[in-house]
Every structure is written in structure tokens, then in C-alpha cells.
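The structure appears below as C-alpha cells.
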Amino acid sequence: MIRSLICFCLSLAFYTLAAQPAAGPLPTISEYTKDMEARPGFFPVYWDAQKGRILLEIANWETDFLYVNSLAAGLGSNDIGLDRNQLGNDRVVRFERSGPQVLLIQRNLDFRAVSDNPQERQAVAEAFAESVLFGGKALAITEDAVLIDLTPLLMQDEHGVAQRLKVRKQGSYKLALNRSAVYLENTRNFPQNSEFEALLTFIGDPSGAEVRSVVPSPRAISLRQHHSFVQLPELDYQPRRFDPRSGYFSFSYADYATPIEQPLQQRFITRHRLEKKDPRAARSEAVEPIVYYLDRGTPEPIRSALLEGARWWNEAFEAAGYIDAFRVEVLPDGADPLDVRYNMINWVHRSTRGWSYGSSVVDPRTGEILKGHVLLGSLRVRQDFLLAQGLIEGYANSPDPDPRLLEMALARLRQLSAHEVGHTLGLAHNFAASTNGRASVMDYPHPLIELLADGSISTENAYDVGIGDWDKRAIIYGYLDLRGQDEAKALTEVIAENEALGLRYLSDNDARSLGTANPYAHLWDNGPDPIAELERLGQLRRHALDNLSSGHIAPGRPVASLENVLVPVYLMQRYQVEAVAKLIGGYEYEYSVRSLSTSVDQTLVQAVSFQRQEAALSSLLATLDPQYLQLPVELMGQLPPQPQGYRRDRELFRFYTGATFDPLAAALTSADLSLRLLLHPERLARLQVTAAQTNNGQHRCGPYLNRIYQSLIPALSATDVSSQMIGEMVFYRFLQHLFSLTVNPATQTSVRADVLALVQAVATSTPGRRAYQGYLREEVRRFQEQDGDYSLPPAPRTPDGSPIGCGENH
């Protein structure tokens with residue numbers, strides 16, 4: 001009975017399908033779009049106003065083009081990192097068709113066979129997967145051309161907004177299609193690129209303070225995402241080989257057609273296409289100059305400063321033999337900054353100060369930069385103004401600021417503009433440039449503010465003017481027109497001349513971490529001698545603290561805002577301390593490349609001398625002295641709590657005292673910066689390695705730790721109460737760091753042994769007040785009973801610092 005019923009149902013279904021009329025042929029594209037707005041261009045586009053759809057006509061099948069997504073309208077939070085005009089991914093894609101089904105497929109260019117043999121190329125292509133990014137059904141057909149609805153692609157979260165919010169612990173969000181739509185105003189078409197934009201709304205339950213601080217209704221976040229389909233350039237661009245000494249970013253792929261004796265991974269630099277009209281001439285105009293455009297939303301006097309700084313790069317291209325090959329102009333009215341035809345310098349607003357960065361749209365096939373794209377945070381300039389404000393009594397006799405304050409801030413903007421444009425020309429950071437007399441704008445410079453003999457402050461040399469010697473040499477390596485020459489030989493000669501000039505180059509990997517070893521690679525430092533510079537900064541800092549008064553803030557401002565001015569002055573040494581610390585357990589080395597002339601026994605890595613390390617340690621221990629950490633008593637009387645309508649934010653110190661200013665917490669905040677550097681496990685491990693290599697026990701971690709311990713002891717018995725209390729706080733923080741080292745899996749075994757020995761000495765031998773001695777003994781006993789279950793308690797949170805803005809990727 002059941003079987004008969006099944007057969008009956010199947011028969012009925014077959015009859016029903018057979019009775020339905022067959023689907024008719026699809027209409028032609030002209031028929032289907034007769035009532036729609038046509039927008040001709042790279043891909044013919046039609047706007048279906050009745051249904052709110054973007055329709056795309058495709059005729060060039062299996063033809064590669066570039067697909068770039070970006071964020072046209074951002075969130076406004078530096079911490080979350082979803083900025084206006086932020087670039088996303090760039091991918092080489094193609095459309096393929098199977099009957100009515102149309103697929104958008106991304107090529108896998110990480111694995112290739114650069115070979116004339118098509119079977120060899122196919123073997124690699126079939127070995128590694130591609131990605132289908134989008135699929136759609138044909139709506140209309142005219143000969144080989146097919147019309148599809150592109151709207152579902154535009155309604156995808158291609159920029160990864162929901163994932164970014166989740167990673168930043170701001171909540172779980174999903175795309176709400178019923179609150180999203182095509183943004184027609186920025187959907188445009190041009191002969192070589194088609195541009196699309198959509199307003200996307202993400203709904204969810206907010207769980208973070210950052211998203212709440214910038215969105216009017218944090219349960220619904222509406223952003224605009226941009227999509228670009230771009231014609232790829234002809235493959236007549238000549239990639240240039242990457243050399244780790246060149247100063248460039250690299251792009252790479254695995255080439256399975258390389259001979260066995262050669263590297264599988266092929267590396268090239270990223271750079272713009274630039275050629276001389278006359279390659280034989282020593283100096284020539286460019287076939288097509290590189291032109292950058294400044295955001296029209298940039299106000300004066302900032303606009304002029306950014307234009308001037310970016311234009312410095314023409315000096316470097318002149319050094320490479322070009323005439324007027326690099327220009328910077330204001331973006332034409334009505335142009336879209338996300339249009340790939342425009343290299344852009346964008347002026348971006350956020351709710352808090354933060355990083356600026358330079359990125360690029362790069363042809364993934366060759367490494368050719370198709371679009372340089374700079375994002376400059378608009379609040380950054382205010383931090384330089386604030387630092388100058390703390391050093392110069394700029395409002396003593398006038399409601400208008402001393403002109404030096406603004407000039408120093410604008411001088412930094414010129415340098416910043418040049419720096420970020422440099423990234424979009426292909427250049428990486430050069431964090432060793434400060435040791436060569438400010439040889440590169442690709443460094444992070446601290447303002448060079450000078451205390452003159454008469455006690456006055458000079459900001460005249462705060463920031464350098466113009467492009468540096470390293471920058472010129474780097475542009476020569478990347479952009480020298482070498483057509484008709486032996487390129488490998490010419491580039492080797494450029495590198496050799498760099499070395500002959502004594503120009504150092506060290507980048508992010510050797511500078512950013514607190515535990516890095518190279519004594520030449522620093523962020524936000526000055527001068528060839530970090531110890532001498534720390535001493536100079538200490539004198540400037542003390543002078544500024546002793547003279548800080550209400551004359552440093554504008555009339556009409558709450559007197560409590562003097563604390564905002566105090567913070568960057570009090571922590572002025574924070575980056576130079578890091579530079580000095582790299583001498584301890586430090587190693588001198590450069591990016592070396594083997595050549596036939598290189599001696600096989602040549603020493604390329606050399607430990608910093610013991611005497612130099614001792615001098616660095618003495619310099620750092622001075623920053624833990626209570627006299628260094630104390631604030632003038634007179635200044636304490638000028639720091640009232642924040643008034644009604646103002647709040648303590650991340651720019652200010654964290655206190656133990658509630659609303660009133662806490663000088664002990666400020667001192668502990670500063671001291672902890674030095675202690676974290678002095679007691680970094682990688683630095684301590686390198687001390688043991690150096691001792692083993694030199695067979696010199698003086699280098700060992702034990703004597704080093706004991707030296708720190710002994711330097712902190714005198715303050716525990718100081719006669720003045722302030723020094724004693726600061727000394728007790730700093731010493732206890734030192735002890736907490738020792739506890740942490742013993743349980744940290746990154747701590748080397750022999751280091752752990754030396755640390756434990758010192759912990760025992762602290763429990764039995766530390767002088768000071770009887771109550772404090774008892775407290776230390778009890779803390780050591782509790783730690784020992786925890787049997788390795790210990791986590792370093794946080795010190796008072798350090799106010800935001802880097803990038804003399806907010807606090808490092810790229």
C-alpha cells in the first residue's frame with residue numbers, strides 16, 4: 001500500500017512538471033534594460049531604480065581584472081580601525097560562465113610557474129585552489145554578453161566589518177539587508193574602471209565602550225563599502241628584484257619553474273611605474289609623472305603643510321635623474337578619492353588621536369603600485385602642539401598662543417606627510433636613520449627641542465626640513481631608469497655606494513618590540529648616542545617641570561587642563577629610555593647579503609661592549625631615582641581635579657587617590673616603563689649568551705640584577721618622606737617583575753635561577769622601614785606558596801604615547 005502511494009505521488013509530480021510550460025528564452029540585454037539608466041564604462045552598468053539593483057553586463061570572459069574593496073565612510077574609532085577611505089583587499093579576478101551561471105573567480109597568484117611551457121603553468125594552477133567570490137544567474141543575453149544582478153556582491157561584507165568588531169570585542173554583529181542599499185551617488189563608471197558603493201547596516205548587541213563612543217545607536221552601525229573593478233595594466237612593467245638592504249617593501253610568490261639551485265620564493269619590490277622620456281639622458285622628464293592628490297576636506301594651514309611635505313619627494317626623484325616627475329595637487333572637485341586613478345592623501349577624522357598610514361593598491365601579478373593611498377589622522381597635530389605647549393609658556397601675556405607652538409605642529413605635519421607618502425612609493429621604515437643625522441623621513445622622529453644656555457627653549461630644529469640622504473638613495477634604487485643597462489650590476493653598485501656613505505638601514509622587526517637587540521634601531525629618538533640624548537632630555541624635562549604653570553594653558557580653559565600639558569612633558573623620556581635599553585644585551589648588525597667578496601670568517605654580529613652596557617644601565621637607573629620622578633611642590637598646588645563637564649580620559653594618569661592628583665602614581669607609571677625594559681626576558685637571556693660567548697662572568701644576569709637591586713636600596717632609607725615613598729613603590733614594582741620572570745615560560749632557565757636567588761635576598765636583606773621590611777617578607781612568602789601561579793599586576797595605565805599620538809602594525 002505504501003509503495004503504491006509513493007508511485008502515485010511520483011507519477012503525479014512527473015505529470016505536474018510535464019504539464020508546466022518550458023521556460024522561455026532569456027530576453028536580450030536591450031529588452032531587459034529598456035527602462036533603466038545605462039552607465040557605459042569599463043563594465044557597462046544599468047541602474048534598476050524600480051528594484052534598487054545594479055546590473056552588470058559582461059562580455060569579456062576569462063579576462064583578468066583587478067577587484068578592490070574599500071571603506072568609503074568609516075566608524076571614527078582609532079582603536080577599532082575602520083577609517084574613512086580605508087583600502088581593503090586587491091585581487092586579480094575574472095568572470096567565467098557555465099550556461100546561465102556566472103562566477104567571479106579570484107586567481108591564486110601566490111603559487112606560479114613562470115615558464116613558456118603551458119603544461120608547466122597548468123600543473124601549478126591545478127595544484128593550488130582558487131576562490132569563487134560571487135555567483136549569479138544570467139538575466140538577459142545578447143550574443144556573448146550576459147547581464148547579471150551585481151547587487152548581492154555589493155551587499156556582502158567584503159571589508160570584514162563584522163569580524164573586525166568581533167576581534168576588537170565590540171559585540172557580535174551581522175549584516176541587515178533590509179537596512180542596506182546601493183549608494184548611487186558614488187556608483188560611477190569610467191573607461192578603465194567601474195566603481196560601486198553600498199550603504200551597509202550591521203545590527204547586534206554592543207559589548208565594547210569604543211563602539212558606543214562613536215555610533216549614535218550602537219545596535220545599528222551603518223557604513224559605506226566601496227567596490228572597484230579596474231582594468232589591469234599591460235604586462236610590460238619590469239619588476240625589480242628585492243634586496244633586504246634597499247629599504248623597500250617586498251612582494252613575493254613561489255615560482256615552481258625556478259631551477260633547483262635557485263630560491264623557490266621570488267621577491268620583488270613594490271613601486272610605481274616610472275620611465276624617462278629619454279633613458280640615455282642623465283636628467284629627463286618622465287613619460288608619465290607620478291601625481292598625488294590632497295583631500296579637499298583638509299583645512300588651512302594644514303593643507304599647505306601637507307602639500308609642502310609631500311612635495312619634498314621630488315628632490316629624491318631629481319636625484320634619480322628625473323625632471324619634475326613627482327607632483328602633488330589638490331584633488332579636483334567632484335573626483336572620488338577611492339577612484340583608482342588618483343593617488344591620494346586623505347585627511348581622516350577619529351574620536352581619538354591615532355596612527356596615520358600609507359597603503360597602496362598593488363598589481364598582484366607584478367608588484368606595480370597602481371594607487372598610493374595615505375590616511376592622515378587629523379588629531380595627530382594636536383599632540384605636537386600639546387608637547388610644545390608644555391615646554392613654552394605660550395599664553396603668559398596673550399590669549400593667542402606663542403607662534404612657535406603652531407609652527408612646531410605644522411613642521412611635524414610636513415614630515416608626517418612625506419613619511420606616509422614614502423610608504424606609498426614602496427618604502428619601508430628606516431628606524432636607524434636618526435643615527436645618521438636625520439637621514440630619512442621614513443624614521444619616527446622625536447622633536448629636537450633644545451634648552452639654550454640662557455634657559456630659553458628653542459623649537460627651531462624640532463623637525464627636519466626636506467627629504468633625507470637615505471630617501472634619495474632608496475628612490476635611486478627603486479626608480480632609476482635602467483633600460484638598456486645591466487640592472488643587477490647597477491643595483492649592486494647603488495647598495496655599495498649606500499654602504500660607502502655609511503647610511504644605516506634597519507626596519508620594524510629590529511625596532512618595535514621592547515626586547516629587540518639592535519642599538520641603532522629606535523622609534524621616536526634623536527642623535528647617534530642614545531645615552532647622551534637621554535641625559536639631554538632629562539635636563540630639558542626637569543627644566544620644563546620646574547617652570548610649568550598656568551601660563552602654559554589658554555585663558556578660559558579649566559586650570560585642571562594643565563595636567564593634559566603635564567603628561568607629555570613628564571613622560572618625555574619614554575622613547576629614549578627604550579633606545580638606551582637596547583644597548584643592554586645588545587648586538588650590532590646590519591642586513592647583510594653574501595657576495596663573492598665577503599670573507600667567509602667576517603664578523604657580522606658583534607655584542608655591545610661591556611663598558612657601553614654599563615653606561616646604559618647607569619643612565620637607565622637614573623630614571624628610577626626619586627629625584628627624577630618627583631614633581632615640584634609648587635606645581636602640585638596648580639593641579640585641581642577635573643571640573644564638572646570634564647572627565648579623566650586615556651590621555652591622563654591613573655590615580656590611587658580618586659579625583660585628586662596622585663604624584664606617586666605618576667612616578668610609578670614612569671618607573672614601570674624603565675623596569676619593563678630593564679627586566680625584559682629576552683634582554684636577560686642575551687646577557688647570559690654574551691657571558692657564555694666571552695667567558696666573562698661580568699656579563700651574566702646575576703650581577704646585572706644585583707646592580708639594579710643595589711641602586712634601589714638607598715631610597716628605602718631616604719630622610720625625606722616623598723623620596724622614601726617613591727622608593728618603596730618602585731622597589732616593590734621591581735619585586736613584582738622578579739616574581740613574574742620566575743613563572744614566565746619565556747624566561748631562560750639560567751635567568752630564572754638568578755632571579756630566584758635575588759628574590760630570596762630581598763626577603764632577608766632589604767633595609768628600610770620595619771613595616772615595609774615585614775611587608776616584603778610576607779609578599780615573598782605568599783609568592784612562594786603560590787607555586788608558580790602568579791600574574792604580574794598592572795601598574796597604573798600609561799597615558800597614550802606613541803605615535804606622539806595614540807598607541808604600531810604596518
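Mind checking which residues of the range 259-288 are assigned to a loop (DSSP other than H, G, I, E, B) and open to solvent by less than 30 Å² (accessible area, probe 1.4 Å)?
Correct list: 270, 274, 281.
Would you please name the residue that is farthest from residue 87 (Cα to Cα), looking only at residues in the range 321-342 that are surrounded by 23 or more Cβ atoms within 10 Å (Cβ to Cβ) and touching a helix residue (DSSP H, G or I) at 6+ places or on another chain (Cβ under 6 Å)?
325
Among the candidates 574, 654, 594, 650, single out the residue that is open to solvent by 20 Å² or more (accessible area, probe 1.4 Å), more than 30 Å from the chain's Cα centre (by Cα) and charged (D, E, K, R).
Only one candidate passes the filter, namely 594.
Which residue pairs have Cβ atoms closer than 8 Å, lie 6 or more positions apart in sequence or on different chains, and pair a first residue in the range 767-791 that is within 15 Å of residue 713 (Cα to Cα) with a second residue that is assigned to a helix (DSSP H, G or I) and of a type in the set (A, V, I, L, M)?
From the range 767-791, the pairs are 767/713; 767/716; 768/716; 769/716; 772/716; 776/735; 776/762; 776/763.
Quick one: in the range 716-744, which of the residues that are of a type in the set (Phe, Trp, Tyr) and open to solvent by less than 40 Å² (accessible area, probe 1.4 Å) is farthest from residue 793 (Cα to Cα)?
Filtering first and then ranking leaves 731.
Checking the conditions here, which among 98, 115, 77, 70 is under 30 Å from residue 254 (Cβ atoms) and crowded, with 17+ Cβ neighbours inside 10 Å?
70
Residues that are within 30 Å of residue 767 (Cα to Cα), at least 3 per element: which helices (runs of 4 or more DSSP H) completely within the range 617-722 meet that?
In the range 617-722, the matching helices (runs of 4 or more DSSP H) lie at 626-629, 663-678, 681-694, 701-716.
For every residue, the table says whether it meets (1) more than 22 Å from residue 615 (Cβ to Cβ); (2) assigned to a loop (DSSP other than H, G, I, E, B).
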| residue | (1), (2) |
| --- | --- |
| 478 | yes, no |
| 483 | yes, yes |
| 490 | yes, no |
| 513 | yes, yes |
| 518 | no, yes |
| 534 | no, no |
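If you take the residues of the range 583-613 that are of a type in the set (Asp, Glu) and in a loop (DSSP other than H, G, I, E, B), which of them is modelled with the highest pLDDT?
Per the stated criteria, the residue is 590.
Being in contact with a Pro (Cβ under 6 Å, 6 or more places away or on another chain), part of a helix (DSSP H, G or I) and among the aliphatic types (A, V, I, L, M) narrows it down to one residue among 307, 387; which is it?
Answer to the selection: 387.
Please name all residue pairs, on different chains or six or more residues apart, with Cβ atoms under 6 Å, provided the first residue is in the range 289-303 and is open to solvent by 50 Å² or more (accessible area, probe 1.4 Å) and the second residue is assigned to a loop (DSSP other than H, G, I, E, B).
296/331
Can you confirm whether residue 473 is more than 30 Å from residue 556 (Cβ to Cβ), of a type in the set (Lys, Arg), open to solvent by 20 Å² or more (accessible area, probe 1.4 Å) and not in a helix (DSSP H, G or I)?
No; evaluated as a whole, the condition is false for this residue.
Name the single residue, out of those in the range 92-132 being part of a loop (DSSP other than H, G, I, E, B) and among the charged types (D, E, K, R), that is nearest to the chain's Cα centre (by Cα).
Only one residue fits best here, namely 110.
From the residues in the range 695-715 that are within 38 Å of the chain's Cα centre (by Cα) and over 17 Å from residue 751 (Cβ atoms), which one is surrounded by the fewest Cβ atoms within 10 Å (Cβ to Cβ)?
Among those that are within 38 Å of the chain's Cα centre (by Cα) and over 17 Å from residue 751 (Cβ atoms), it is 711.
Is it the case that residue 718 is over 23 Å from residue 619 (Cβ atoms) and over 36 Å from the mean Cα position of the chain (by Cα)?
Spelling it out, it is not the case that residue 718 is over 23 Å from residue 619 (Cβ atoms) and over 36 Å from the mean Cα position of the chain (by Cα).
Residues in the range 45-82 that are assigned to a loop (DSSP other than H, G, I, E, B), under 38 Å from the mean Cα position of the chain (by Cα) and under 26 Å from residue 232 (Cα atoms): how many?
3
Hey, among the residues in the range 763-804 that are at pLDDT below 90 and in a helix (DSSP H, G or I), which one's least open to solvent (accessible area, probe 1.4 Å)?
763
Condition check: open to solvent by less than 70 Å² (accessible area, probe 1.4 Å), within 30 Å of residue 550 (Cα to Cα) and of a type in the set (A, V, I, L, M, F, W, C). Does residue 615 satisfy that?
Answer is no for this residue.
Return the total of residues in the range 223-256 being open to solvent by less than 30 Å² (accessible area, probe 1.4 Å), closer than 25 Å to residue 126 by Cα and small (Gly, Ala, Ser).
Looking only at that region, the number is 1.
Go through 139, 133, 104, 82 for me and flag whichever is open to solvent by less than 10 Å² (accessible area, probe 1.4 Å) and at pLDDT 95 or above.
104
Which of the following residues is under 21 Å from the mean Cα position of the chain (by Cα), at negative phi and open to solvent by less than 40 Å² (accessible area, probe 1.4 Å): 391, 386, 376?
376
Which of the residues that make up the range 189-222 are open to solvent by 70 Å² or more (accessible area, probe 1.4 Å) and of a type outside the set (S, T, N, Q)?
Once the filter is applied, which keeps residues that are open to solvent by 70 Å² or more (accessible area, probe 1.4 Å) and of a type outside the set (S, T, N, Q), the range 189-222 yields 191, 205, 209, 212, 216, 219.
Residue 604 fails exactly one of the following numbered conditions: (1) more than 33 Å from the chain's Cα centre (by Cα); (2) open to solvent by 70 Å² or more (accessible area, probe 1.4 Å). What is the number of that condition?
So residue 604 meets the others, but not (1).
The values are calculated or read from the model by the stated rules, or taken from the named source; none is laboratory data. Note that the structure is a prediction, hence the values are computed from the model and not measured. In this analysis, Cβ positions are derived from the backbone assuming ideal geometry, glycine residues included, and neighbour counts consider all displayed protein chains. Accessible surface areas use protein heavy atoms only, side chains included; no ligands, DNA or RNA. Shrake-Rupley method; radii C 1.70, N 1.55, O 1.52, S 1.80 Å.
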